[in-house]
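The values are calculated or read from the model by the stated rules, or taken from the named source; none is laboratory data. Small disclaimer: the values here were computed from a predicted structure and weren't measured. Neighbour counts are summed over all protein chains in view; Cβ atoms, including those assigned to glycine, are modelled from backbone coordinates with ideal geometry. For accessibility, only protein heavy atoms count, side chains too; no ligands or nucleic acids. Shrake-Rupley method; radii C 1.70, N 1.55, O 1.52, S 1.80 Å.
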Amino acid sequence: GENPDELEQEWELLNKAFAWDSTYLPAFVAAARFSLYEGDEVKADRWINQGLELNDRYADLYLQSANMTKLKRIKGIIDTEAGLKTEERFLQQAIQLEVDLMKQSEYITRLRDYYFENNNYLDAMTVARNYARQVPLLSTYLKDQRDNMSAFANWLRGSIGYSSSSLDPMKELVQSKPQDYILIGQYADVLTAAGKYIQSITELERAQKILS
């Protein structure tokens, strides 16, 4: 959550935004998000529904719906299995509706993490691999996201027993980004899974030097 004083200030700013334009959709998204920070899923639900009444094709509202569903599931308000399916559906809707490639990338990452957190490793890998293959490389940000998704897919594949096919792609990524300590750590994990312990330790030591 956020600092209570900061949250109060943000609510004040939101009220000003609504006073300026009562149909400003980002304000509904922010209001839903702040309500979730406060643990009030009822209020968040109300903000989301009000936003959807104005525009039911506004992607960010579906992302907040996914976040709200996750909170309800964690709190035991809704059935776990049904909640998981609903959360997945909202995330997929957000991805399909979003036209901004940077924001869509964030939603796809959220879907990937949803699968990973719920031990659905195959779908997590598929989401990451498909994104890495299909994303248009129109900016440095999108290129970095492509590399991050590729690294994730190869790291996960290598970590669950398919290290031989993941070593070369991970090595290439590390060589292209020699200062990326997170990427080096992922490469070290794959090396360990492949039984290459000395190389793994060498990579971890290199990552440590970057951090120090």
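Kindly indicate whether any position in segment 172-182 is under 30 Å from residue 82 (Cα atoms), of a type outside the set (Asp, Glu) and open to solvent by 50 Å² or more (accessible area, probe 1.4 Å). No, segment 172-182 has no match at all. Mind listing just one residue for me: the one in segment 143-171 that is of a type in the set (S, T, N, Q) and part of a helix (DSSP H, G or I) and, of those, most open to solvent (accessible area, probe 1.4 Å)? Among residues in segment 143-171 that are of a type in the set (S, T, N, Q) and part of a helix (DSSP H, G or I), the one most open to solvent (accessible area, probe 1.4 Å) is 164. Just so you know, in segment 77-100 the residues that are of a type in the set (A, V, I, L, M) and in contact with a helix residue (DSSP H, G or I) (Cβ under 6 Å, 6 or more places away or on another chain) include one that is nearest to residue 41 (Cα to Cα), and it is 78. Restricting segment 193-206 to residues that are in a loop (DSSP other than H, G, I, E, B) and of a type outside the set (D, E, K, R) leaves a set whose member that is surrounded by the most Cβ atoms within 10 Å (Cβ to Cβ) is 194. Is it true that residue 134 is in contact with a Lys or Arg (Cβ under 8 Å, 6 or more places away or on another chain) and among the polar types (S, T, N, Q)? Answer is no for this residue. Only one of the listed residues (127, 190) is within 26 Å of residue 94 (Cβ to Cβ), of a type in the set (A, V, I, L, M) and surrounded by 15 or more Cβ atoms within 10 Å (Cβ to Cβ). That residue is 127.
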